[in-house]
Amino acid sequence: MRRSALFVLPLLLASAAAHAGDAPCCASDLEARRAALAKEAPSLAKDEAAKRHYALGLELRAATQESAAREEFAAALAADPDHEPSHAALGDVKHGDRWIPYAEAMQAKGLVQRGGAWILREEAAILDLPAKERERRRAEQAKVEALIGQYEAGDAMRRRFALDALGAVEDRFKMEPFAFALRSKSRDVRELAAKELGRLRDRRALKTLLHRGIYDKDAGVRASAVDAAVTIGDDNLAAPMVKALGSESADTRMHAAQALARIGSRASVRYLVWKIESAGGGGPRVHSFFGNQLTYIQDFDVEVAQTAFIADPQVGTLQEGIVLDAQVHGLTRETVIVEREVFHQSLVKLTGATGVKNEPGAWAAWWKEHGEAFVAAE
């Protein structure tokens, strides 16, 4: 056995040495292929040239030749400016109807780099404050938090005093305390916080406002939170609402539909139509097993300890039967009816199509007739 291993090893080493120069990913081979493609590309169709430059760029990137890889992706775009894989490989982002570098896209969104991360300009401005100003900021924010607490615990008169005192504090110290107040147990405090955040128009509050606009239990607070987010403004306000349409919770789906109507998101109409016309399938899957199980002793582990025999029985089981797989389509008829009505009213508000009835197939027919023109008008 040892002689066979010693005999095979030299053969393996010799074979590896013989083929070492044939590796397709070696630098010299890739450079030769780059040169050949550069000569051949002008005679190729633009889509074929882009495809081959892109494929070679991927190989170069895999070989850790990033600079050469980016040159190949750029060559692909020179051949076909609309070649999306090459744009993506370079980190470009689709902005409207054109591709722009990732850094430019982030800057267009009002973001700046700090510590390798992209953050809002407002956040960067706070990070750049001198130590003395940061200390003052913390003190003023603590004052706002205390006044919000007085508003929550007080009667009508104390609430007026608290509001008057809040009016004397500079707005630049209020965003964080009011954003945190959106989590208060008091419905009045949450609504006050939502309205104040809308008045402050600080983009840092958007995330928590949109979350509250979907998940708050009170309809008035949800409406105030969505209105505040609309006042602040952002091109992607509807995105988290559209995502919430796929929730397993009927309440969340209905809240999201109402929020989309309040935002006035025409782009969401296609998703609402799809949801109201879908036949189900969004519920969790369940499995049921029907069968028999037989337990038996299959063997003994025997040990000798101090002249005594110890027998440990090894228990086995036999099973037979069937497993049924099912998916929940709806919980109650009432839930389906209420949810359909919410989606229907949201679609009426967004489209102005008051003549569409709330019945299966009605919105699908409307979209088939008017969808193309509706999308073109977005």
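Structure above, values below:
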| read-out | value |
| --- | --- |
| Neighbour-count ranking [beta-carbon atoms within 10 angstrom, fewest first] of Ile322, Ile232 | Ile322, Ile232 |
| Relative contact order %, segment 23-108, counting alpha carbon pairs below 8 Å whose residues are six or more apart | 21 percent |
| Karplus (6.51, -1.76, 1.60) ³J(HN,Hα), θ = phi - 60°, over segment 193-205, in Hz, Gly and Pro reported as x | 4, 4, 5, 5, 5, x, 5, 6, 6, 9, 4, 5, 8 |
| Within straight-line cross-link reach of Lys46, lysines at Cα separation under 24 Å, skipping those fewer than 8 residues along the same chain | Lys94 |
| Entries of Lys132/Lys195; Lys195/Lys349; Lys275/Lys357; Lys243/Lys368 with Cα pairs more than 19 Å apart | Lys132/Lys195; Lys195/Lys349; Lys243/Lys368 |
| Residues Tyr54, Tyr271, sorted so that the one with the fewest Cβ neighbours within 10 Å comes first | Tyr271, Tyr54 |
| Under 5 Å, built H, 5+ apart or other chain: amide partners of His95 | Ile100 |
| Least to most buried among Ile263, Ile148 (fewest other Cβ within 10 Å first) | Ile263, Ile148 |
| Shape of segment 23-108, Cα gyration tensor, a/c cut at 1.5 | oblate |
| Three-way shape label, segment 113-202, alpha-carbon gyration tensor, a/c 1.5 | prolate |
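Each value in this text was obtained by applying a stated rule to the coordinates, not by laboratory testing. In this text the structure is predicted, and so the values were computed from the model without any measurement. When we count neighbours, we look across all protein chains shown, and the Cβ atoms used for this are built from the backbone with ideal geometry, even at glycine.
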